[in-house]
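S.K.: Before we start, here is the structure in question, set down as structure tokens.
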Amino acid sequence: MQKFFFLLATILLLGGTVNAQKYFTREGKVTFISEAPIEKIEAVNQSATAVLDTESNRIEFAILIKAFQFEKALMQEHFNENYMESSTFPKATFKGQIDAATKVNWGKDGSYPVTVSGDMMIHGITQKLTAPGTITVKEGTITAQSTFTVAVADYGIEIPSVVAENIAKEVTVAVDVQLAQLNK
């Protein structure tokens, strides 16, 4: 009889916990801003792909470089051809882990500050990246947001001296993704 009650209690406890899930989007938003003395350049990419595994706390992003949209077509052309060489390096990726993810209660609505660490690859070069962010859980949907800076030289992106005052040496990157449960 005790074994029966132990088994029943175990089933009830496990049934009340959140099962690990995978969350996904193909419509994530990534913005970058270059604020230099002469010019402010901003571009938005609305088609970032992101996957979050709440069991392993792994998170991955992939974005097509050519999907960044600029205010001026000439800026977009120069960005793709002269700086990012997007025909040779068509995408940027991030593969990482949510640090101290035990602080995120995936089954409870709320906003959770997190730090994400991993490898970011841009322009064919991979660098370690640690960035602050916020995970928001609301009614089964997870939103992830982060803002951080990237030094363009760290990724082998050369800025010619003739336009050095137009393009910042460090750009601000903002990520905003809404992830839906993959296996609904």
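The values are calculated or read from the model by the stated rules, or taken from the named source; none is laboratory data. Every value quoted in this text rests on a predicted model; they were computed, and no experiment measured them. Cβ coordinates were reconstructed from backbone atoms using ideal geometry, including for glycine residues, and neighbour counts include every protein chain displayed. Calculation scope for accessible area: heavy atoms of the full protein, side chains included, ligands and nucleic acids excluded. Shrake-Rupley method; radii C 1.70, N 1.55, O 1.52, S 1.80 Å.
S.K.: Give me the percent of Cα-Cα pairs in segment 136-175 that sit more than 17 Å apart, rounded to a whole number.
M.R.: Values: 388 of 780 pairs.
The proportion of pairs with Cα distances above 17 Å equals 50 percent.
S.K.: With every protein chain kept in place and ligands, DNA and RNA left out, what is the accessible area per residue of the chain? Probe 1.4 Å, answer in Å². Write down the numbers at each step before the final one.
M.R.: Values: 11230 Å² over 184 residues.
Ligands and nucleic acids excluded, the result is 61 Å² per residue.
S.K.: Could you name the lysines in cross-link range of LYS95, using Cα to Cα under 22 Å and dropping any fewer than eight places away on the same chain?
M.R.: The reachable lysines, counting only those whose Cα sits under 22 Å from LYS95, are LYS22, LYS29, LYS66, LYS103, LYS128.
S.K.: Relative to a virtual label point 7 Å from the Cα of GLU27 in the Cα→beta-carbon direction, which members of segment 108-145 show backbone nitrogen distances below 19 Å?
M.R.: Label zone hits: 136-145.
S.K.: Right, here's the next one. Whole number please: convex hull volume per residue, Cα atoms of the chain, in Å³.
M.R.: Spelled out: Cα convex hull of the chain, divided by residues, is 128 Å³.
S.K.: How large is the direction-averaged shadow of the alpha-carbon convex hull of segment 26-80, in nm²? Spell out each step's value before the answer.
M.R.: Working: hull surface 18.2 nm².
The directionally averaged projection comes out at 4.6 nm².
S.K.: Using DSSP to define loop residues, name the trypsin sites (Lys or Arg not before Pro) in segment 36-124 whose beta-carbon has at most 10 other beta-carbon atoms within 10 Å. Could you put the intermediate results ahead of the total?
M.R.: On the way: sites: LYS40, ARG58, LYS66, LYS72, LYS91, LYS95, LYS103, LYS108; in loops: LYS72, LYS108.
Hits after loop and neighbour filter: LYS72, LYS108.
S.K.: If I model a spin label at ILE125 and GLN46 as a point 7 Å from the Cα along the Cα→Cβ vector, what separation in nanometres do I get?
M.R.: Going by the 7 Å Cα→Cβ label model, 3.2 nm.
S.K.: Follow-up. Probe radius 1.4 Å, ligands and nucleic acids left out: which of THR147, THR134, THR93 has the largest accessible area, and how do the rest follow? It would help to have the intermediate numbers written out before the result.
M.R.: On the way: THR147 80, THR134 45, THR93 25 Å².
Order by accessible area, largest first: THR147, THR134, THR93.
S.K.: Between ALA144, ALA174, ALA73, find the one with the highest GNM mean-square fluctuation for the chain; connect C-alpha pairs within less than 10 Å.
M.R.: Largest GNM mean-square fluctuation: ALA73.
S.K.: Still on this structure, I have one more. Under 8 Å for C-alpha pairs, at least 6 residues apart: give me the relative contact order for segment 31-184, rounded to a whole percent. Let's see the in-between values first.
M.R.: Details: 316 pairs, mean separation 35.2, N = 154.
Rounded, it is 23 percent for segment 31-184.
S.K.: What residues from segment 17-58 fall in the zone where the backbone N is under 16 Å from a label point 7 Å along the Cα-to-C-beta line of THR147?
M.R.: Flagged as within label range: 29-36, 41-44.
S.K.: Then there is this: If you average the sequence gap of Cα pairs under 8 Å that are 6 or more apart and divide by the length of segment 69-129, what percent do you get for the contact order? Mind showing how you got there, number by number?
M.R.: Numbers: 62 pairs, mean separation 18.7, N = 61.
Dividing the mean separation by the residue count of segment 69-129 yields 31 percent.
S.K.: Still on this structure, I have one more. Rounded to the nearest 10 degrees, what's the angle between the helix 2-16 long axis and the longest principal axis of the chain, both from Cα atoms, 0 to 90?
M.R.: Around 30 degrees separate the two axes.
S.K.: Expressed as a whole number of Å, what is the distance separating the alpha-carbon centroids of segment 81-100 and segment 105-149?
M.R.: Cα centres, segment 105-149 to segment 81-100: 16 Å.
S.K.: Moving to a separate point now. With charges only on Cβ, +1 for K and R and -1 for D and E, what is the dipole size of the chain about its Cα centre, in debye, rounded to 20? Before the final figure, lay out the partial values.
M.R.: Numbers: 16 positive and 20 negative charges, 197 e Å.
Taking the Cα centre of the chain as origin, the dipole is about 940 debye.
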